[in-house]
Every structure is written in structure tokens, then in C-alpha cells.
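For reference, the structure discussed in these notes is given below.
Since every read-out is calculated from the coordinates, none of them should be taken as a lab result. What you are looking at is a predicted structure, and each value in this text was computed from that prediction instead of being measured. Reconstructed Cβ throughout: ideal geometry from the backbone, glycine too, with neighbour counts over all protein chains shown.
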Amino acid sequence: MKKTITLTAAIILGLTAFAQNDISTKAKALLAKMTLDEKIGQLNLVTPGGGMLTGAVVSSDVESKIKKGQVGGLFGIYSPEKVRKAQDLAVKESRLHIPMIFGLDVIHGHKTIFPIPLGLSASWDMGLIEASAQIAAKEATADGLNWAFSPMVDIARDARWGRISEGSGEDPFLGGEVAKAVVHGYQGKNLAANNTMMACVKHFALYGGAEAGREYNTVDMSRIKMYEYYLPPYKAAIDAGAGSIMSSFNEIDAVPASGNQWLLTDLLRKQWGFKGFVVSDYTSVNEMTAHGIGDLQTVSAKALKAGLDMDMVGEGMLTTLSKSIKEGKVSIADVDQACLRILEAKFKLGLFDDPYRYIDDARPAKDILTAENREASRKMAAHSMVLLRNNHQILPLKKSGTIALVGPLAHNRRNMLGTWVVAGDWQKSVSVYEGMQQAVGNTANIIYAKGANITDDAKFAAHVNVFGVQADIDTRSPADMINEAVAAANKADVIVAVVGESADMSGESSSRADISIPASQQTLLKALSATGKPLVIVLINGRPLTLVWENEHATAILEAWAPGTEAGNAIADVLFGAYNPSGKITATFPRSVGQIPIYYNHKNTGRPFDGTGIGKFKSNYLDESNDPLYPFGYGLSYTKFEYSDIKLSKKELKGNEKLTASVVLKNAGNYAGEEVVQLYISDPVASITRSVKDLKGFQKVSLQAGESKTVSFEIGTEQLSFFNSDLKKVWEPGEFIIQIGTSSAEVKSEKLVWNK
Ligand code: NOJ
């Protein structure tokens, strides 16, 4: 059996290598026919506008540039009709008829929108995540696209940074698993199939390490921190075969990523063996000028030399590279190399066999926003929700009596999709009111009141309303709105308050210095709490929030993120128990902003504080606990899971031996449910300081009420290894603590000794 598998793998690999050679031969043959201007033209990625513009510049004269062979790819347009028109210009009117690639920010779905990526990761369900990317690819390719600017795999330990919503949170291992799942989902087994598309991993690299969580801010970190915590998800995506990667806006070691040779060539290509192409972020080449690296010609040459192949929007390469060649600042060979990589990507996508293979007028109606896709989104959304609190088992709710449904996000389709939904139509989404009403029919009475504005602050609202009015300010006074909500609450058996952030209060250019629920909504929650009725808070938001008051006063809290197109239905599924929540948070929820950055895999320090006494001269705060409000990996269920002690198959190991660590997990409650069983390992003594623990495995296990299962993890030296001072991945002998549990803060543990 083993032999057959190895042989089959070899044949597949052999064929792949053959196909790769074939592609590079064809690309070289084409390159030989190209003029220098045409080669430089392939490095140019433009947007004609109409998408979601994330910078000041929009490309001009796009049509005539395409005809002149000055455009390698387009982004920001979709639909077979529009893509065909553009492709016609390249294929029929340019000298060499080279097709363009068509990209878009397909981030969490194309038109059927799935939960924001932070929510997706909270499902810890790689099968569902991969399926969501597969559906996104099917829809996007039906709309003429073949290149997704996703997955975003930036590790983020700072919830002030708005783009924490676009990634998988703080953990490198989980981030890597999600990255692989998404790449596989988009690219499938055959990149040239008309329902798969090329992934673009972003933002390379360390973009989530922005100082003070302020968007586009400086990043400065040690190599060990990079290798150990920030780089693994990019590497995982590349190992999974991602065809392209996007350089980030920030600097690394004082050199902007888009012109950083160490990053784009030494690390990415030489160490990691990346064979695809590198695209800049939106005008990030030009922005090196503002970083202080030089004028447009200098930075464009620097980017090319560093290993950047395609210039997004800025056209620095288009307008200055010929001059740089004449002046000997870059060589034709540099341009050839970048151009070849782009041509190869187009060959891989099958565009030279058929430039129109992704353009089929019949497909949108068949493939987009189908009942099946919506069903998948509903399931995914329910699986991504995290039950943060459930006092007195108030949830699941009964479908009877009177429910006061209040809050600015309770009867609101506009904000259900979250950030980065270029092609998503919020009008096609389901509000919480609609979903709950549909779920209860005539069996319960739902009274709705808006209760508050998302924010009463007009300036703040203007900030977050750039892509349309998401945070509207009601004509009624805040007091009138609260009175209406309190009156509804007084008539009800239970209050469901849907509060949080509008869609673009997180995402790009949406850093916040205060990450609490906005004041207008807090005032509403306080008034509701004062009624004495059970208060269930449903959170719609894109980042960890500070929720100390809410945690103390609400009866239950359900973190629903921005759930996507099927928001209201999925929330109703969870609130009424059709689905028992199983999500676990993937980014720590701080108690206060002052604790940030806060993450579970921190170091111990020389003066660790164990939480007892006042802790003078220990590593702590005078005015705040060190503990988060909700730790990484935390999330409740309607049922109760019990963990046995850990059983280790061996307690003393040597060299490359392996062991099995297992627990018996029992569903001791009354509902069927799923639990994310998490494996952490601590390495208490090493040649360098290690984090207190690191996630090394997880399994999502489904159990009927009363059922038990043994959950086992195989552990080898790979899980013990880390990057040492020489940036070599090593493991060092000694004692290790194996931990298995329900969150990073609640685990069973066992020690073992591993010798060389
Ligand atoms: C800027 C963003 O940083 C990036 O994620 C996105 O893909 C591009 N704009 C294109 O829209």
C-alpha cells in the first residue's frame, strides 16, 4: 500500500515538474519575442476604478495602455461582460495578444459572503474554511476573475489594528493551517480549471506588527520573533502552493518590504523556494519615497532588484525602468526575470490556451449566490460564533414568550457582511430580526427597537462611512431611542441586544485607540441591564473588544463577528439551539487597551507575576490585571465537556522517537456539541527564552450528549523545535510539558523527558 502511494506521488510530482518545465520553456519562447517596453508592460497592474479604492491614485488611460501592451493585469472589475471587454483589448488589439490576469479582493467570499476571516479562524474547522474558499473561487471565476488577493495571513497581537479582522489572529500554527486550507480552497488541484483561481498571500511581511496598532505604521522586530511567530503562516501558504504573494506597506529592518531584497529574494526565494510572482501592495513601491528611500525612479529600480515582479497601480516601473536600464541601474535580465514569472503565472492559469476560459455569460446565474452557497455560508457562520458567556444557561432561547430585540445592529443588513466585500451586496444579507422572526414564526413575539446609534459622534461616523453610510445617525434623540428600547425590554421575557461595530470600523485604515463598544451603545446596554431582565448580547464586530462591564452585567454574550450574507439566519440558529456554538477565539480579548499587545504565547520574563499578592517588583500593572478577559482558544458550549487527565504513551524519549498523548473527552451535558481540543507544549529550559506555551495541534471533535471519545495527538521532535539564536530550527533535550485542554488557559498537563 505504502509503495503504491509513494509511486503515485512520484508520478504526480514527475508530471508536475514536467509541466513546470514546459511552462517555463513556453514563457521563455514568448519572452524572446517581446520588446523591452512590452516586458515592462507585463509588470504593470492597474485598476480602472469601480472597485474599492484603497489609495489615492487610480490608473488613467487604461484602455490605450492595454492596447499598447503596457498592462499585465487588471483588478477591481468583474462580470463576464466587463472582463471580456478588457481581455479583448489585450488579446485582440495588443501586438503579441498576451492575455491579462484579473484580480480582486475576494477575501471572505465573492458575492456569497462568509464571516470575516477572524471569524472563520474561530471555527477551527479547516474543512469548512477550505470549502468557503472553494465556493468563493467558484463564484469569482464565474464572474471572470482568476486571481484572489487572499489569504491574508498576517499575525496580529494588537486589536487596535483594524486589519486583525482580515487574518486568523495571533497564533502561527493555527494561522498556518488556515493559510493552507484557503490556498487549497482557491487553487484546488488544477489551477487551469475554470472554477479555481490563483491565491495571493499577503501582506509579506509582518504587516500585523504595526507599532501601536496604527495602520501602515513602522514595524520593528527581532529575527527570532519573525521566524518563530510571524513568518510561519506565509511559509505555510507558500508550501501549500500559493502562486503569488503581495509585499506589505511596512518596513522590515528599516527597508520597506516592497524594496527589501533580504525579504523578497533571500528569504522568500532562496530559503523558502518560492517559484511564483511577487506583486506590490497598492502604490507601495511609490510609497517608498515617503518612507525616505528616494525618488520614483530609485524606488522602482530598488523594488525590481529586490525581487518584486508586479507594481500595483503606482506605475513607477512602467514609467522609469527603461531609464534605469539606460543608466545601468537595473539590467534587462532583471526585467526578464520579473516578466517571466508573470507569464508563467498566466500559463499556469491556462490563459494562453484560452484567454476567455473564465469568461462565460451563463455561469453567474448558475454559480453565484445559489441556495447551496448561501447554505454553506450559514453553516460556516454558525460554526464561527463564539459563546463568551452563558449564565444560568439562558441560551439557547426558547421559541416562546416575548423577546425584545434591540440595538443598532439588530435590524440592519448593512453591516452584516463586514469589511472587504468588494462584490458583496449587503441588501442580499439577512438581518438578525429577519433571521429570528423566520426561526420563531408565530410561536414567540419579537419586539424590535433600535435603541441607539452605532455612534453618536458625527466625526467618527464620517470616518467609517467612506464606503457608504454604515453608521447612520437617527433623527430621534438618543434618549428617545433608549426609552423605546427600555419600554420593549419591560414587556419582554428576555432582551437580545445586537451591538458592536459597523462593517468598516475594522479592516484597512480602521485602527482604533479605544476598542470598547461605542459610548452610545454602552449607554443603551446600561439602561437595558437596569430593567433586570435577562440580557443576551450578540456582538457584531471585527476585532477583540474590551468588554469588562458587559462580561459582568450581561447574562450571555455571543460573539458573532460580521457573519456574512446569512447573518441573521446563522445567529438565530445559534440563539435557538439549532446549532450548538463551538467557536473559540483566535485573538486574545484584553481587559483594557493598556494591556496591548496581549497574547497567550508570551515570554515568562525574569520576574513573572503569579497573580498572588500585590506583586511589587514583579512584571505587572499597578492598575490592571495581567490576565486577559478571554484567553486565546476560549469559547463555551451549550453542553459541558469534561477532560480526563492526559495519558502519555511514553514519558521518557530519545532522538526521533514519537509518543501519543491522549485524553478522554466526555460530553457531560445535555446537548450534542463540538469541542476544539487544543494541544500546547512548553519547553521550560532552553538555550534561548521560549514562550510559556505554544499551540502544536488541535482537533475538532463532535460528541452526542453522554458520549465519550479518546482524542490523541502524535508528538515528535518537530513539535519541540524552535528557531535558536542562529535562526536554525532545532530541538533541545530536556523536560517538556504537554498540555491538552479547552483553551490556552485551561489545560491538563503532563511532563516528559526527551533526550538526544
Ligand atoms: C490595499 C490592501 O492593503 C490590500 O490588501 C489589497 O489587496 C489592495 N489594497 C488591493 O485592493
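Summary table below
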| item | result |
| --- | --- |
| Cα gyration tensor category, rounded, prolate or oblate, for region 413-495 with a/c compared to 1.5 | oblate |
| Whole-angstrom gap from region 502-521 to region 345-386, using each part's C-alpha centre | 31 Å |
| Relative contact order [Cα under 8 Å, 6+ residues apart], the chain, whole percent | 13 percent |
| Among beta bridges that DSSP assigns inside the chain, antiparallel share in %, nearest 5 | 55 percent |
| Between region 642-669 and region 713-756, the alpha-carbon center distance in angstrom | 13 Å |
| Gyration tensor (alpha-carbon) shape descriptor, region 641-755, a/c threshold 1.5 | prolate |
| Length released on extending from LEU727 to ALA686, taking residue separation times 0.36 nm less the Cα-Cα span | 13.3 nm |
| Stretchable slack from ASN442 to HIS553, in nm (0.36 nm times residue separation minus alpha-carbon distance) | 36.9 nm |
| Residue order, fewest to most surrounding Cβ atoms within 10 angstrom, among TYR680, TYR638 | TYR638, TYR680 |
| Tensor-based shape of region 371-588 (alpha-carbon gyration tensor, a/c under 1.5 rounded, otherwise prolate or oblate) | rounded |
| DSSP beta bridge pairing in region 371-588, given as percent antiparallel to the nearest 5 | 15 percent |
| Region 149-223-region 237-263 distance, computed between alpha-carbon centres (Å) | 12 Å |
| With at most 14 neighbouring Cβ atoms within 10 Å, loop GluC sites (Glu not before Pro) (DSSP) excluded, longest segment of the chain | 1-326 |
| Hits among lysines - C-alpha to C-alpha of LYS225 under 21 Å, sequence gap 8 or more where chains match | LYS202, LYS235, LYS270, LYS603, LYS693, LYS696, LYS728, LYS729 |
| FRET efficiency estimate (nearest 0.05) - Cβ-Cβ, LEU622 to ALA513, R0 25 angstrom | 0.75 |
| Segment THR475-ILE394, length gained on full extension (0.36 nm per residue, minus Cα span) | 25.7 nm |
| Qualifying aspartates and glutamates (Cα of each under 12 Å from Cα of LYS85; at least 8 residues distant if same chain) | GLU63, GLU93 |
| Sequence-distant lysines (8 or more away, or on other chains) whose Cα lies within less than 23 Å of LYS379 | LYS111, LYS138, LYS180, LYS366, LYS398, LYS399, LYS428, LYS584, LYS640, LYS700 |
